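Report on the following structure.
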């Protein structure tokens, strides 16, 4: 089961939010919740909301498809913060001038998914007696051709070729 959540135009710079998103990328959801809860960064609060929304979306999708879903098995598969539109403002400066202020925003996207179930190991194929022993000793099998020897030029042949 895979689900995603996007929050657009968060009023914080993408650079500051990426520091927090890097901490939770690839982690299990309960572990990511714990990291975000105890982080001192203000961006953690916004990212916590997005993660919570992505988990809720996964629960809803599982419910719609009538599938069981264990929230504790979900992992943060994809988490990215991109730049949003910048709000441009001006403040007063000396001699009647105005200096620009850039109020940056960002877009947060988080995808959660359950890891695929491990596949059982394949049963070993039955071996033909004698073939495995010959291969282990380095002998060619019966009926197999021996590899051709690599021909090298002698000193005489290389002199002839160069003239």
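The values are calculated or read from the model by the stated rules, or taken from the named source; none is laboratory data. As the structure is a computational prediction, the values presented were derived from the model and not from experiment. Cβ placement follows ideal geometry from the backbone for every residue including glycine, while neighbour counts extend to all protein chains displayed.
Can you tell me which of 44, 5, 34 is within 12 Å of residue 108 (Cα to Cα) and out of contact with any strand residue (DSSP E or B) (no Cβ under 9 Å at 6 or more places or on another chain)?
44
Within the range 48-78, which residues are in contact with a strand residue (DSSP E or B) (Cβ under 8 Å, 6 or more places away or on another chain) and over 13 Å from residue 112 (Cβ atoms)?
49 - this is the single residue of the range 48-78 that is in contact with a strand residue (DSSP E or B) (Cβ under 8 Å, 6 or more places away or on another chain) and over 13 Å from residue 112 (Cβ atoms).
Assuming residue 50 fulfils every condition listed in (1) in contact with a helix residue (DSSP H, G or I) (Cβ under 9 Å, 6 or more places away or on another chain); (2) modelled with pLDDT of 95 or more apart from one, which condition is it?
(1)
Out of curiosity, is residue 11 over 21 Å from the mean Cα position of the chain (by Cα) and either modelled with pLDDT under 95 or farther than 17 Å from residue 57 by Cα (or both)?
yes
Scan the range 43-64 and give yes if some residue there is under 16 Å from the mean Cα position of the chain (by Cα), surrounded by 16 or more Cβ atoms within 10 Å (Cβ to Cβ) and not in a strand (DSSP E or B), otherwise no.
Looking for residues that are under 16 Å from the mean Cα position of the chain (by Cα), surrounded by 16 or more Cβ atoms within 10 Å (Cβ to Cβ) and not in a strand (DSSP E or B), one finds none in the range 43-64, hence no.
For residues that are crowded, with 16+ Cβ neighbours inside 10 Å, touching a residue at least 40 places away in the same chain (Cβ under 8 Å) and closer than 24 Å to residue 114 by Cβ, tally how many sit in the range 1-24.
7
Take residue 84 and decide whether it is at positive phi and in contact with a strand residue (DSSP E or B) (Cβ under 8 Å, 6 or more places away or on another chain).
No.
Output the residues belonging to the range 28-42 that are in a helix (DSSP H, G or I) and either within 20 Å of the chain's Cα centre (by Cα) or under 17 Å from residue 15 (Cα atoms) (or both).
Once the filter is applied, which keeps residues that are in a helix (DSSP H, G or I) and either within 20 Å of the chain's Cα centre (by Cα) or under 17 Å from residue 15 (Cα atoms) (or both), the range 28-42 yields 29, 30, 31, 32, 33, 35, 36.
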